[in-house]
1. Can you name the residue in segment 36-52 that is among the aliphatic types (A, V, I, L, M) and within 16 Å of G168 (Cα to Cα) and is also surrounded by the most Cβ atoms within 10 Å (Cβ to Cβ) among such residues?
2. Applying the selection to segment 151-172, what residues are within 15 Å of the ligand (Cβ to nearest atom) and either surrounded by fewer than 24 Cβ atoms within 10 Å (Cβ to Cβ) or in contact (Cβ under 8 Å) with a residue 40 or more places away in the chain (or both)?
3. Mind listing whichever residues of segment 23-35 are crowded, with 23+ Cβ neighbours inside 10 Å and under 17 Å from A3 (Cβ atoms)?
4. Looking at segment 1-20, which of its residues are part of a loop (DSSP other than H, G, I, E, B) and of a type outside the set (A, V, I, L, M)?
5. V248 - would you say it is over 22 Å from T141 (Cα atoms), surrounded by 21 or more Cβ atoms within 10 Å (Cβ to Cβ), away from the ligand (no atom under 15 Å from the Cβ) and over 27 Å from the mean Cα position of the chain (by Cα)?
6. Evaluate segment 132-144: report whether one residue or more is within 12 Å of the ligand (Cβ to nearest atom) and over 15 Å from the mean Cα position of the chain (by Cα).
7. Taking only segment 225-243 into account, find how many residues are part of a helix (DSSP H, G or I) and either touching a strand residue (DSSP E or B) at 6+ places or on another chain (Cβ under 6 Å) or of a type in the set (A, V, I, L, M, F, W, C) (or both).
8. Do the conditions hold for A460, that is, is it free of Cβ contacts under 8 Å to residues at least 60 places away in the same chain and either among the hydroxyl-bearing types (S, T, Y) or more than 28 Å from P399 (Cα to Cα) (or both)?
Amino acid sequence: MSARIIRAARGPVLRCRGWRQESLLRMLENTVENGERPEELIVYGALAKAARDWPSFDRIVAALTALEEGETLIVQSGKPIGIFRTHHRAPLVLMATSNLVGRWATGEHFWELERRGLIIWGGYTAADWQYIGSQGIVQGTYQTFATVATEHFGGTLHGRLVVTAGLGGMGGAQPLAIRMAGGVGLCVEVDAARIRRRRDTGYLERDTRSLDEALTWVRDALARREPASIGLLGNAAEVLPEIARRGVIPDVVTDQTSAHDLRVGYVPAGMPADEIARLRERDPGALVAAARASIAEHVRTILHWQSEGAVAFEYGNNIRAEAVSAGVDEAFKIPVFTERYIRPLFCQGIGPFRWVAISGDPDDIRQVDDLVLREFGDHAIAANWIRLARAHVQFQGLPARIAWLGHGARTRLALLVNASVASGALRGPIAFTRDHLDAGGVAQPYRETEAMPDGSDAIADWPLLDALLNCASGADLVAIHGGGGGYAGYYQSAGVTVVADGTEAAAARLDATLTGDTGIGVLRYADAGYEEAARTARASGLRSLQPEVNG
Ligand code: NAD
């Protein structure tokens, strides 16, 4: 295993033939820099990788360094395949990652192909170089808890206990998001190193190995109605049932362990690390069975709390499906966060839009913050968030910001930023991108597209059309992703990055791409029957060809 340490380049020196290429290269480096296990190129989600292996990484870097305008680099599951002459409005990079033909899209096939070095899982944002650390997910997590507060608790989580588990790359955003929403978060995590990392990066306030101590801190914070984030070292499958046995009922319960993968993700209760490693090598079936048995206990506790009045939801980690496989038939009584709390935003094309300062200068992000507050002050979600993020969220890697903006607003902001790059007000280009968990970018029948009103949950045409449209719009990078590991066969998604380098060509790319990427999301939800989406389409002048949308 290599001990290489990758840090994204900063500053004004170009290694590539243009800022478009240099920006994508820095996005790749930044993804590895922010990764949970960078020495293995693993970024988050237990196994999501930035590149196939180190030789592939090096060849991608060399290809990006040599890539000319009017050429396109092709990457298949993290391995560079070739460079084609295309044209100046074409994407610089096109990728397809972890896509398997339907009938073969199973964990079993995925792992066999992975073992043979033919495929990787790219997560949503790892293989397409869009990961920006836990800061990329924290607004979405905050948005979820803030909506829970509005719907169930009169607008605030003050004096409310949220129990969850998993403090990894994405789950690590939970303690900070819960605290920002006013609540007390008790977050169970089995790996002490992850707890340390969340403390070091300011996401978690304090931690303990003692359940007694954790519950004392919880009671104190609840009594004072003070926000708090508490990490507890332990296995959720043991600790949660014990908390329940003591008669504690949280107000809210969810989970972000890596339950989507039972070979490398979810840790079975009571199993020492060396035994896990041995089974992973010698008898993965036994490891999966042990993890499933633990998940059954874990989910039964969540269901028990739900029946006692707790607000329970799955955070998209597939724990309900695994629980059903383990015999917990009623696991799907737990709703999924997207369908329950986020979908109304998707109907307006609002989702996890983000931007990265390629210069590495935090002041570039502060200037864009000011721009958002000045130009989008009436956009409550984004303006509120920028103020909160400035106060609470540390930068990780290249300075970056996320703000949930919607159709129209994303395009307007990006064009203003491009003009600021052109005028020299910003030190360098800004790369605009988004999570795949967005209106247009994904079909995931157990998450983003669960319970669509027209039953179109599993139709993968939408993210594929989104990716094609992004290519036609001239985005700088376009990727199509499928699920891998335990997620194999569970979703299809599309990722996109466009660089604001201050040129007129960039303005044209940003305009077409960001308008199309959000617009197709709005039309997708309108097509499924959401009146809110149809209203957004009409109000923004989207040229829908659906009579029921046009009214
Ligand atoms: P990760 O692999 O980086 O972290 C998972 C964490 O869970 C690890 O720290 C691991 O030690 C811990 N863990 C595993 N088993 C445990 C157990 N039994 N008890 C306690 N802790 C345990 O993964 P991540 O990037 O944080 O993602 C977590 C899950 O959330 C994934 O399944 C991901 O797909 C899902 N998810 C998150 C979002 C989001 O918006 N945050 C959206 C969709 C899905």
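Every number in this text was worked out from the coordinates using simple rules, so none of it is lab data. Source: prediction; values computed, not measured. Cβ atoms come from the backbone with ideal geometry, glycine included; neighbour counts cover every protein chain shown.
1. A48
2. Within segment 151-172, V162, V163, T164, A165, G166, L167, G168, G169, M170, G171 qualify.
3. Listed by number, the residues that qualify are V32, G35.
4. S2, R4, R7, R10, G11, P12, R15, C16, R17, G18
5. Values: over 22 Å from T141 (Cα atoms): yes; surrounded by 21 or more Cβ atoms within 10 Å (Cβ to Cβ): no; away from the ligand (no atom under 15 Å from the Cβ): yes; over 27 Å from the mean Cα position of the chain (by Cα): yes.
No: the conditions fail for V248.
6. Scanning segment 132-144, I find no residue that is within 12 Å of the ligand (Cβ to nearest atom) and over 15 Å from the mean Cα position of the chain (by Cα), so the answer is no.
7. 5
8. The answer is yes for A460.
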